[in-house]
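Data block below; observations after.
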Amino acid sequence: MSALRTSSASVALVLAGGALLAGATDGFQAFTSEAARRVAVHERMVMAPPVALETEAGDRINLAELRGKWLLVDFVYTRCQTLCLALGSDFARLEDDLAGPIASGRVRLLSVSFDPSNDSPRELAAYLERFHRRGPGWLAARPTNAAGLIELKRRFGVTVVPDGFGGYIHNAGIHLVDPQGRIVEILDFGAPDAIVQSLRGFGVA
Amino acid sequence: MTAQMLVQLPLLAVAGYLLGLALPVRVAASLAHWNHRGVTGLVLASLASAYWMLPRLLDASVTEPWVAALKFASVPLLVGLPLAQSWPRSGFVVRGVFLLELIATLFRLGWLYLVSPLRLCNNYLIDDQQRLGQILIAAGAMLFLWIACKLLWGRFDLTRYAGEWTDGRSAPSQPAFTDPPGRS
């Protein structure tokens, strides 16, 4: 009978659809890609990629060389007048709040530019200057090649779109990378206390 | 964002709808056994479209080619095609429920996009999101007005829906793939 077949087919569809929807939203936790990338680092092992960088001092380093320390990473471009200012002042605050672990070399702050063609070491240094950087515990760097930039954005889940006025709109967060190079947490900007708290939870600070 | 939700997705659904109209009669007839009054098809179309309306998947279909491929295949086959197979079979009540839910969805999503201070898709700008919100609300309002006008002043061929009230079992003598009576 077609009514019976229809109701069983519909129920089966609803169940299958619900399961698919649950799968697509990490169990109804993450409906946006911003939430998804935060859930992802908890549920999977996401490694910070070994990407070649050039720092504000002109030094060529590799992100992998920073393993062994806890890293707080944010992604910025130096002409940014919006989110990056908030991120920058968070890092300035964190540089004070985490002065101890930074001085002992357990924690490093790293601002990575996703606009490497514009953000030369000079621009990066000026960016740090703007936030009155205290010392070498806070690095600013740009990827030295396009493939590195793509890999960084992919692994960290950073999406950058042109804003139509020569600048960029990007998602912002502060990424916590453990000494093994795993991205272990992505936290909101504007709440440096929560970041200190989280580091404390990991036994740092 | 506006272009993806209001141009691309509907066009994909229309492509599937046309495909559904062109389905061989035998295939359509065997599908109809499982699609009493079009309910199964409308459930499938609703679920599949809900899936592709998730902000996360709007984003992913821009950045991940395999998600985009999945979207291009599934929106015609799981939204458009079942709609074409189901709408002509569904009666007054089923259509009413579906349209009401569609209007509610347009309003809900529109309102969310309009008031959210956050970008729900990382690939799209906030003004795009707000414009989409406005258009969704306008579309919901227009659909509502159209249905209201139809209910108040429209002409209904009630013989077409008569079976819905008198006959709980669909008449097996009438092959389901022919046009419903009263449709000329």
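The values are calculated or read from the model by the stated rules, or taken from the named source; none is laboratory data. Predicted model only: the values in this text are computed from it and were never measured. FYI the Cβ positions are ideal-geometry reconstructions off the backbone, even for glycines, and counts take in every protein chain you see. Calculation scope for accessible area: heavy atoms of the full protein, side chains included, ligands and nucleic acids excluded. Shrake-Rupley method; radii C 1.70, N 1.55, O 1.52, S 1.80 Å.
Cross-link partners of A:LYS69 among lysines, defined as those whose alpha carbon lies under 27 angstrom from its own and excluding same-chain residues fewer than eight positions apart: A:LYS153. From helices alone, the protein assembly as shown scores -17000 deg cm²/dmol at 222 nm; the rule is -39500 (n - 2.57) for each run of n ≥ 4 DSSP H residues, then divide by the residue total. Shape index of segment A:1-119: Rg/Rh, with Rg the Cα radius of gyration and Rh the Kirkwood radius from the inverse mean 1/r over Cα pairs, equals 1.23.
Enumerate the whole-percent occupancy of each 5 Å bin, from 0 to the last occupied one, for all C-alpha pair distances of segment B:2-166. Final binned percentages: 2, 8, 14, 18, 19, 16, 11, 6, 4, 2, 0. Relative to one another, the C-alpha centroids of segment B:82-134 and segment A:28-55 are positioned 30 Å apart.
In a fully extended conformation the segment linking A:THR82 and A:ALA52 would gain 8.1 nm over its present Cα-Cα distance, using 0.36 nm per residue. Remark: segment B:91-100, residue by residue, has Karplus-estimated 3J(HN,Hα) of x, 4, 5, 4, 4, x, 4, 4, 5, 4 Hz, where x stands for each Gly or Pro and the curve is 6.51 cos²θ - 1.76 cosθ + 1.60 at θ = phi - 60°. Among the chymotrypsin sites (Phe, Trp or Tyr not before Pro) within segment A:54-103, not one is in coil by DSSP while having at most 16 neighbouring Cβ atoms inside 10 Å.
The B-A contact accounts for roughly 2200 square angstrom of buried accessible surface, both chains included, probe 1.4 angstrom. For B:ALA138 and B:GLU101, what does the FRET efficiency come to when R0 = 22 Å and r is the distance between their Cβ atoms, rounded to the nearest 0.05? The value I calculate is 0.75.
Starting from the alpha-carbon convex hull of the protein assembly as shown, give the projected area averaged over all orientations, in nm².
Numbers: hull surface 90.6 nm².
Directional mean of the projected Cα hull area for the protein assembly as shown stands at 22.7 nm².
Multiplying the sequence separation of A:VAL14 and A:THR144 by 0.36 nm and subtracting their Cα-Cα distance, what value in nm do you get? It would help to have the intermediate numbers written out before the result.
Numbers: separation 130, 0.36 × 130 = 46.80 nm, distance 4.94 nm.
Here the answer is 41.9 nm.
Ligands, DNA and RNA are left out, and with a 1.4 angstrom probe the accessible area of chain A is 45 Å² per residue.
In this structure, the amide hydrogen of A:VAL107, modeled 1.01 Å from its nitrogen in the peptide plane, lies closer than 5 angstrom to those of A:TRP70, A:ILE102, counting only residues at least 5 positions away or on a different chain. Counted over chain A, the DSSP beta bridges are approximately 60% antiparallel. Relative contact order, whole percent, for chain A stands at 27, derived from Cα pairs under 8 Å and 6 or more residues apart. Using the Stokes-Einstein relation with a Kirkwood hydrodynamic radius computed over Cα pairs, the translational diffusion coefficient of segment A:48-201 at 10 °C and a viscosity of 1.306 mPa s comes to 104 µm²/s.
Could you compute the FRET efficiency for A:ALA3 and B:LEU145, with r as their C-beta to C-beta distance and R0 at 45 Å, rounded to 0.05? Please list the in-between numbers first.
Working: r = 34 Å, r/R0 = 0.75.
Computed FRET efficiency for A:ALA3 and B:LEU145: 0.85.
Beta bridges assigned by DSSP with both partners in the protein assembly as shown are antiparallel in approximately 60 percent of cases.
Modelled label positions at B:TRP153 and A:SER89, each set 7 Å beyond Cα in the direction of Cβ, lie 5.7 nm from each other.
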